Amino acid sequence: MKKKLKLIFLFFVFANLTYAQGESGAVNWMSFKEAQEKNIKQAKPFLIDIYTDWCGWCKHMMKTTYSNPGLAKYINTNFYPIKFDAETKDTIEYDGKTYKPTSPQPKTPHELALKFLGNKLSYPSTIFVGNNLEFNLLTQGYLDEKKIEPLLIFMVENVYKACPYQDFETQFNKAFIDTLYIKKEVKTYSLNEALTLQKTQPKKLLINIYSGFCNSCRVMSRTTFTDTLVADYINNYFYLVNFDAESNDTVLFNTEKFYKQPVNGYPLNTFAMKITKGNLSFPSVVVLDEKLITIDVLNSYQHPKYLKPILMFFADDSYKTKKWVDFYQDYQNKNK
């Protein structure tokens, strides 16, 4: 499979509890050296908490956010968490370079703190690092559970490869927090319903593959397809099918039967593997043509703003005559 499956769960149920875990919270903090050594054996994103001894909000974040049992468990499982004193007098090696204190005097920033924060020396600050230390996302200020949840999901589920954080955060809030969010009605079908309709009213199929442990799947299912940018387009040109990759159902597709069985040690319905051509990750959106042949597999979270031109590219068969880069350039020129 394209990337290793991980069991990851939402942790909202812990948001209103009171904790008493001490100054380090419940997170298993490690040094830069330990995190980088572990990352060589098994790659995970880094969560770097940048603090100072005199910072009250830093201490408060440890006693609240990082003492949340569910949230701490999620961080310990999916990140290499690093607690970094921005005024330490230690020499630190990070990403092949050596960083030292700028002065022996107290309350002076470390070179690595300056690398991460520049002239904005604000504490607490949190750096999320992914893609073999090549991608950095900086957030500054106190983060409570609700503020940090979308950041964690953004990194763990590789949403950062598909869209900017601000776009994902907006959709996340619509999915779980914004009770006034108005959805556009979009028609969804079971796979059997779509296949039956296909015989008399041929359309392309749009198959949204999700799983119960994928949080960005929930965000996408609740907001992307129901967005005003794409909902009418989907209704007019596609049959939208939501398919649970963990489904226990027997699926009959093109005279072939598919069942739930272990795939790389995890139980999945093999239909999901079939239509993604063995290239399954979560979430995935598969585009099938009128003959039920897979045209393309979108192996990441899809924001409606970026999904719309993709749908247009396939809906009018432009993919048969144009390269995507040329089509997208034309699309951007028309929508300036």
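The values are calculated or read from the model by the stated rules, or taken from the named source; none is laboratory data. This structure is a prediction, so every number in the text was calculated from the model and none was measured. Positions of Cβ are backbone-derived with ideal geometry, glycine not excepted, and every protein chain shown enters the neighbour counts.
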**Asked** What number of residues within region 182-211 are touching a Lys or Arg at 6+ places or on another chain (Cβ under 9 Å), surrounded by fewer than 14 Cβ atoms within 10 Å (Cβ to Cβ) and over 14 Å from residue 238 (Cα atoms)?
**Response** 1
**Failed criterion for residue 173 (all others in (1) in contact (Cβ under 8 Å) with a residue 40 or more places away in the chain; (2) surrounded by 15 or more Cβ atoms within 10 Å (Cβ to Cβ) hold)** = (1)
**Prompt:** When the residues of region 246-264 are filtered to those that are in a loop (DSSP other than H, G, I, E, B) and within 17 Å of residue 212 (Cα to Cα), which remaining residue is nearest to the chain's Cα centre (by Cα)?
**Reply:** 246
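Determine whether residue 182 is among the β-branched types (Val, Ile, Thr), free of Cβ contacts under 8 Å to residues at least 40 places away in the same chain and within 19 Å of residue 304 (Cα to Cα).
yes
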**Complete:** By my count, strands (runs of 3 or more DSSP E) wholly in region 54-151 with at least 2 residues that are in contact (Cβ under 8 Å) with a residue 40 or more places away in the chain, in the same structural domain as residue 41 (by TED's automatic domain parsing) and more than 24 Å from the chain's Cα centre (by Cα) are 92-94
**Asked** So how many residues does region 163-215 have that are within 13 Å of the chain's Cα centre (by Cα) and either among the aliphatic types (A, V, I, L, M) or part of a loop (DSSP other than H, G, I, E, B) (or both)?
**Response** 4
**Asked** For region 49-81, which residues satisfy the criterion of being closer than 14 Å to residue 113 by Cβ, among the hydrophobic types (A, V, I, L, M, F, W, C) and touching a Ser or Thr at 6+ places or on another chain (Cβ under 7 Å)?
**Response** 50, 58
**Asked** When you scan region 33-51, how many residues do you find that are surrounded by 18 or more Cβ atoms within 10 Å (Cβ to Cβ) and either more than 24 Å from the chain's Cα centre (by Cα) or aliphatic (A, V, I, L, M) (or both)?
**Response** 5
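Every residue, every condition in (1) among the aliphatic types (A, V, I, L, M); (2) modelled with pLDDT of 95 or more, yes or no:
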{"position": "117", "(1), (2)": "yes, yes"}
{"position": "123", "(1), (2)": "no, yes"}
{"position": "127", "(1), (2)": "yes, yes"}
{"position": "148", "(1), (2)": "yes, yes"}
{"position": "169", "(1), (2)": "no, yes"}
{"position": "183", "(1), (2)": "no, no"}
{"position": "190", "(1), (2)": "no, yes"}
{"position": "197", "(1), (2)": "yes, yes"}
**Message:** Which pairs turn up if I take residues in region 286-297 that are at negative phi and touching a residue at least 40 places away in the same chain (Cβ under 8 Å) and look for partners that are in a strand (DSSP E or B) and polar (S, T, N, Q) with beta carbon separation below 8 Å, at least 6 apart in sequence or on another chain?
**Reply:** 286/294; 287/294; 288/294
**Prompt:** Hey, does region 196-211 have a residue that's farther than 29 Å from residue 293 by Cβ and in the same structural domain as residue 294 (by TED's automatic domain parsing)?
**Reply:** no
**Filter result for the condition that a residue is of a type in the set (Asp, Glu) and at pLDDT 95 or above, over 244, 178** = 244
**Complete:** Reported set for region 316-336 where residues are on the phi > 0 side of the Ramachandran plot and part of a helix (DSSP H, G or I) is none
**Prompt:** Looking at region 202-211, which of its residues are touching a Phe, Trp or Tyr at 6+ places or on another chain (Cβ under 9 Å) and over 22 Å from residue 309 (Cβ atoms)?
**Reply:** 210, 211
**Prompt:** When region 300-315 is examined, which residues are found to be assigned to a loop (DSSP other than H, G, I, E, B) and modelled with pLDDT of 95 or more?
**Reply:** 301, 302, 303
**Test for residue 263: is it surrounded by 15 or more Cβ atoms within 10 Å (Cβ to Cβ) and modelled with pLDDT of 95 or more** = no
